[in-house]
Amino acid sequence: MHIRNLNCLIHKPSIKYFCRSFSLWSMKKDPDLESALSRNRRWIVNNQIKNIVLRYPNQILPLRFLQKKFKTLDLQGSAMNWVKKYPCCFEVFLQHDEYYCRLTKRMMALVEEEETVKDMQEQVLVQRLAKLLMMSTNHRLNVVKLNELKRNFGFSDDYLIRIVPKYSDLFRIVNYGGRRSSMDIELVSWNSDLAVSAIEISAQKQGVEPCFSCSLPSTWVKSWERFHEFNSTPYVSPYMDPGQLVEGTKEMEKRTVGLVHELLSLTLWKKVSILKLGHFKREFRLPDKLNVLLLKHLGIFYVSNKYQLYTVLLREGYKGSELIDKDPLVVVKEKFGELMQEGLHEYNRRHCSQNLEKKRKAGMVLSRLREIEDKNSDLSDSEDQVQGDKLGGLFDPEERKRFRKPSSQSSLRFSLGRLYSSATTTAENFSSKEVNKRGGDLN
């Protein structure tokens with residue numbers, strides 16, 4: 001009995017882990033959305049290198065400094081080899097016996113375009129930050145946690161300096177814990193005009209009641225039935241105070257689904273990491289098993305584990321694999337990706353031509369060596385022939401063959417001679433024995 005209880009305790013965590021992994025893997029894969037979730041590792045690394053170059057004095061970066069940063073970028077190998085793969089983005093030059101890297105003119109033009117778009121989108125970013133604070137329980141968010149998602153919402157690295165002090169009537173920095181990690185952004189004033197979700201805005205345009213939309217094939221009958229049952233209850237705004245709702249009720253579930261939907265609507269690519277989203281469980285009153293909730297509503301959300309990173313995507317934000325409404329910042333970032341790919345193709349073509357040239361030169365060297373060997377062999381044969389003509393006799397090749405290999409006639413004569421000699425010897429022995437025998441008889 002004691003051993004049985006011990007076995008149960010040992011196997012319980014593994015069963016729990018198995019069920020959890022199974023719940024994460026249980027969503028059917030969508031090829032279009034999987035391709036939309038394709039995260040270009042090269043693009044992310046080059047974007048980080050771009051930011052490192054821009055922050056360096058004079059925007060000229062020594063490659064030895066970049067080599068030290070390779071570990072933080074999760075890269076291996078030579079920094080020079082990596083940068084040279086993208087000649088349209090980075091320029092490498094030698095100065096005072098040291099290699100440096102800077103952005104190309106086309107790359108700097110994209111950086112300036114991105115800064116221009118950020119200035120034009122400043123009001124949009126302000127409203128986006130205000131909406132995030134209005135959905136949180138205490139109307140404030142931790143700066144360290146928010147920095148993990150700042151790229152998803154389009155915030156720049158200096159948004160705390162660019163936006164927060166400029167709009168002091170909306171935001172302020174507070175630190176109730178006294179630690180650096182406990183610094184928060186707090187909402188100063190509530191704006192009712194901003195407390196409208198994307199679903200409510202769409203319903204107002206269509207003149208209908210706010211409700212969720214489902215993006216599943218018509219053949220998924222059971223999923224559609226569950227969606228209609230969930231959608232039959234009234235919509236709960238994510239900007240509503242969650243303190244008025246009870247945990248575990250349908251109204252609370254409706255509010256949580258609406259909150260995740262609104263968060264994804266505020267992101268640039270309508271997607272976010274589930275792990276990073278889970279860091280805001282306390283601020284947004286999210287459930288502990290967030291992945292179970294997302295998989296339950298697969299007509300609204302799509303969960304993927306591509307690159308072993310669990311990501312939730314808003315289905316209605318995509319048509320096939322293409323984003324429907326592209327933010328101006330997304331357009332600029334796509335231009336950067338196109339420039340990077342152009343440089344990579346140019347590098348590959350140049351590298352391929354260099355390899356072909358090396359092979360061609362190697363082939364020419366081999367042919368030259370073969371010609372030299374042929375000439376040497378011809379010279380050695382001619383020398384042997386001259387020496388044979390002078391010495392003659394056994395030094396002649398044909399004469400050596402005749403000397404080493406006897407002819408068939410001579411071998412036949414030699415074998416007949418041996419046979420005759422053996423027969424003669426046998427006859428003489430026989431005659432001597434007969435004579436001795438007869439002499440014995442006479443005696």
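The values are calculated or read from the model by the stated rules, or taken from the named source; none is laboratory data. Everything numeric here is computed off the predicted structure, so don't read it as measured data. Glycine also receives a Cβ, built like all others from the backbone with ideal geometry; neighbour counts cover every protein chain displayed. Protein only, heavy atoms only, side chains kept; ligands, DNA and RNA dropped before computing areas. Shrake-Rupley method; radii C 1.70, N 1.55, O 1.52, S 1.80 Å.
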Revision key, fill the gap. Filtering the stretch 190-213 down to residues that are more than 28 Å from LEU298 (Cβ to Cβ) and either open to solvent by 70 Å² or more (accessible area, probe 1.4 Å) or in contact (Cβ under 8 Å) with a residue 24 or more places away in the chain (or both) yields TRP190, ASN191, SER192, ASP193, LEU194, ALA195
**Study point:** When residues of the stretch 331-366 are limited to those that are over 19 Å from VAL45 (Cβ atoms) and β-branched (Val, Ile, Thr), the one surrounded by the most Cβ atoms within 10 Å (Cβ to Cβ)
**Key:** VAL331
Check your understanding: Which numbered condition trips up TYR86, out of (1) open to solvent by less than 30 Å² (accessible area, probe 1.4 Å); (2) at pLDDT 90 or above?
Key -> (2)
Check your understanding: Would it be correct to say that GLY154 is on the phi > 0 side of the Ramachandran plot and in contact (Cβ under 8 Å) with a residue 60 or more places away in the chain?
Key -> yes
Practice item. Grab the helices (runs of 4 or more DSSP H) fully contained in the stretch 30-73, keeping just those with 2 or more residues being more than 30 Å from GLU316 (Cα to Cα). Key: 41-55, 63-68
Practice item. Would you point out which residue out of LEU129, LEU66, LEU61 is touching a strand residue (DSSP E or B) at 6+ places or on another chain (Cβ under 9 Å), open to solvent by less than 70 Å² (accessible area, probe 1.4 Å) and without any contact (Cβ under 8 Å) to a residue 40 or more places away in the chain? Key: LEU66
Check your understanding: Can you find a residue in the stretch 316-331 that is more than 30 Å from CYS89 (Cβ to Cβ) and in a helix (DSSP H, G or I)?
Key -> yes
Study note, to complete from the structure: From the option list LEU216, LEU187, single residue qualifying as in the same structural domain as ILE300 (by the TED database) and surrounded by 12 or more Cβ atoms within 10 Å (Cβ to Cβ) is LEU216
**Study point:** Residue check, SER265 in contact (Cβ under 8 Å) with a residue 60 or more places away in the chain, surrounded by 12 or more Cβ atoms within 10 Å (Cβ to Cβ), of a type in the set (Ser, Thr, Tyr) and in contact with a strand residue (DSSP E or B) (Cβ under 7 Å, 6 or more places away or on another chain)
**Key:** yes
